[in-house]
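Peer 1: Handing you a structure now.
A short reminder: the numbers here are calculations on the coordinates, not readings from a lab. For clarity, every value in this text was computed on a predicted model and none was experimentally measured. Ideal geometry is used to build each Cβ from the backbone, glycine not excepted, and the neighbour counts take in all protein chains shown.
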Amino acid sequence: MPAQELNWFTLMQTVMEMKTGPFMAQMLERKERLGSKSSMGQMDCSLLYALVRTFRPRIAVETGANVGMASSFILKGMHDAGVTDGKLYGVEYDTTMQIGSMIPDELRGPFVPSPGNVRGFMREQLGPGAIDFFLHDSMHRYKHQYWEFKHFWKRLRPGGLLVSHDVNMNASFVDFISKTYTHDWGGVSVEGKTQHTHWARWGNLGFMVKA
C-alpha cells in the first residue's frame with residue numbers, strides 16, 4: 001500500500017455522498033431493528049468509509065468491533081474500492097457479544113471476528129504481522145489508547161492509516177501525533193524524518209497516514 005497524496009476535496013465529497021446515500025439508510029435501519037448499545041455516528045462512519053475507499057487497505061484491524069456498525073463501513077469501503085482479497089480483524093473484549101452481527105451478509109466474507117483482549121491479540125501474535133489500516137474504538141483511557149497507537153503503528157505499512165474514534169475524550173491521539181513529528185529550528189516539519197504525511201480530526205474521528 002504505497003503512500004499517496006491526499007485530495008481533501010474528493011475525500012469530503014465522498015463523505016457527504018455516503019452520509020446521504022442508500023447504504024447509510026440501510027445501516028440506520030439495521031441499527032434500529034437489531035439494536036446496538038454503542039455505535040459510531042453517521043458522520044464518523046461516513047469519514048471512515050471515505051478513508052478506506054480512498055486508501056484501499058487490504059489488511060485491517062479494528063479494536064472494539066462490537067456488533068459491527070463501524071466494521072460495516074470499513075468493509076463497504078473495501079468493496080467499493082475493488083479490494084477483493086481484503087481482511088478485517090474485529091477485536092472485541094466482550095466475548096458474550098455477537099461480534100459483527102450488524103454487518104450485512106453480502107459484506108461479511110472478509111470479516112474475521114477476534115474475541116478477547118487486544119493485549120492478548122498482540123502478545124500471542126494473532127492476526128497479521130503487517131497491516132494497512134488500524135481503527136481504535138475500544139477502551140478510551142489515555143494509557144490504553146496510547147498503547148494501542150504505539151503498538152499498531154509499528155505494524156502499519158508505509159501509506160497505512162491509523163484511525164481513532166472518540167479522540168475528544170483525552171489527549172492521547174494528539175500526543176501520539178506530536179511524537180511522530182520531527183521539526184527544524186523554525187518548527188517546520190522535516191520531510192523524511194517525520195513519521196506521518198497527513199493527519200486530521202473531523203468530528204470525533206482522528207486519522208494519520210504513515211510516511
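Peer 1: Under a crude label model (7 Å from the Cα following the beta-carbon direction), how far is Met169 from Glu29 in nanometres?
Peer 2: 3.1 nm
Peer 1: I need the phi-derived Karplus couplings for the stretch 51-60: 6.51 cos²θ - 1.76 cosθ + 1.60, θ = phi - 60°, integer Hz, Gly and Pro marked x.
Peer 2: 5, 5, 4, 6, 8, 6, x, 9, 10, 10
Peer 1: Ok, one more. How much net charge surrounds Lys210 when only other residues with a Cβ under 12 Å from its Cβ are counted (Lys, Arg +1; Asp, Glu -1)?
Peer 2: Working: positive: Lys154, Arg155, Arg157; negative: Asp132.
Net charge around Lys210: +2.
Peer 1: Now for a different question. What's the local net charge at Asn170, with K and R +1, D and E -1, over the other residues with C-beta under 11 Å away? Walk me through the intermediate numbers first.
Peer 2: Values: positive: Arg141, Lys143; negative: Asp166, Asp175.
For residues surrounding Asn170, the net value is 0.
Peer 1: Hey, fewest Cβ within 10 Å first, where do Arg30, Arg157 land in order?
Peer 2: Values: Arg30 19, Arg157 16.
So the ranking, lowest neighbour count to highest, is Arg157, Arg30.
Peer 1: With springs connecting C-alpha atoms under 10 Å apart, model the chain as a Gaussian network and identify which of Phe121, Phe134, Phe73 has the largest mean-square fluctuation.
Peer 2: Phe121
Peer 1: If I take all pairs of Cα atoms in the chain, what percentage of them are more than 24 Å from each other?
Peer 2: On the way: 8299 of 22155 pairs.
Result: 37 percent of Cα pairs exceed 24 Å.
Peer 1: For each of Phe9, Phe133, count neighbouring Cβ atoms within 10 Å of the residue's Cβ, then give the residues from fewest to most.
Peer 2: Values: Phe9 7, Phe133 29.
Least crowded to most crowded, the residues run Phe9, Phe133.
Peer 1: Counting only GluC sites (Glu not before Pro) that sit in a DSSP loop (anything but H, G, I, E, B) with at most 15 other Cβ atoms within 10 Å, what is the longest stretch of the chain containing none of them?
Peer 2: Details: sites that count: Glu5, Glu124, Glu191.
Here the longest segment lacking exposed loop sites spans 6-123.
Peer 1: On to the next question. So if I place +1 on the C-beta of Lys and Arg and -1 on the C-beta of Asp and Glu, and nothing else carries charge, what would the dipole magnitude of the chain be about its Cα centre? I want it in debye, nearest 20. Please report the intermediate quantities before stating the final value.
Peer 2: Working: 23 positive and 20 negative charges, 84 e Å.
The calculation lands at about 400 debye.
Peer 1: Would any residue of the stretch 63-104 have its amide N under 12 Å from a label point 7 Å out along Cα→Cβ of Arg141? List them or say none.
Peer 2: Within reach of a label on Arg141, which here means backbone N under 12 Å from a point 7 Å along Cα→Cβ, the stretch 63-104 contributes nothing.
Peer 1: Taking the chain, how many lysine pairs are there with alpha carbons less than 26 Å apart, if each pair must be eight or more places apart or span two chains?
Peer 2: 28
Peer 1: Give a quick list of trypsin sites (Lys or Arg not before Pro) in the stretch 148-211 that DSSP marks as loop, anything other than H, G, I, E or B, with at most 16 other Cβ atoms within 10 Å. Could you put the intermediate results ahead of the total?
Peer 2: Details: sites: Lys150, Lys154, Arg155, Lys179, Lys193, Arg201, Lys210; in loops: Lys193.
Counting only loop positions with at most 16 other Cβ atoms within 10 Å, the trypsin sites (Lys or Arg not before Pro) in the stretch 148-211 are Lys193.
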